[in-house]
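Just so it is clear, none of the values below were taken in a lab; they were calculated from the coordinates. Source: prediction; values computed, not measured. Note that each Cβ is placed from the backbone with ideal geometry, even for glycine, and that neighbours are counted across all protein chains shown.
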Amino acid sequence: MNNLKGLLFSVLMLTMAPVFAGAGHDHGPKHGGVVREVSSITYELVARSDSLTLYVHDHGKPVSTEGAKAVVTLYAGSEKTGVALEPAGDNRMAAKGSFKVGVGVRATLSVTLAGKPEVRANYNLR
């Protein structure tokens, strides 16, 4: 009987854990990019061959990028390309151009939001 109670308790805990884990703290991509969290702020980098866009959220709420500075460095094989992102309204920063993106390409983000210290994040692009 104790084994059955233990099994039921284990099943109950396994099914309940996702309810409590990260409640109200969604880290999934909202714009089809790759997400990294640094100091409770999420940075979603959407890398396309013609544009780079960074979306910034704090617990799911948009964070203003007014006055922010950001640089994305792309590493594609032996090539290294630095790209400055400019505030693009609301919680976005962006750059247009021609970029190597996709499987095997890595990116490093350096961003300073207004009134905040610089943070860095690394991405493996898909």
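Could you sort out which of K69/K116; K61/K96; K61/K116; K30/K116; K30/K80 sit more than 22 Å apart by Cα distance in this structure? The pairs that break the limit, which is 22 Å between Cα atoms, are K61/K96; K30/K116; K30/K80.
Summarised as an ellipsoid, region 57-126 has semi-axes of 23, 12, 12 Å, derived from the eigenvalues of the Cα gyration tensor scaled by 5 and square-rooted, with the largest first.
With charges set only on the Cβ (+1 for Lys and Arg, -1 for Asp and Glu), what does the dipole of region 26-124 come to about its Cα centre, in debye to the nearest 20?
220
Distance between the 7 Å Cα→Cβ label points at V38 and D90: 2.3 nm.
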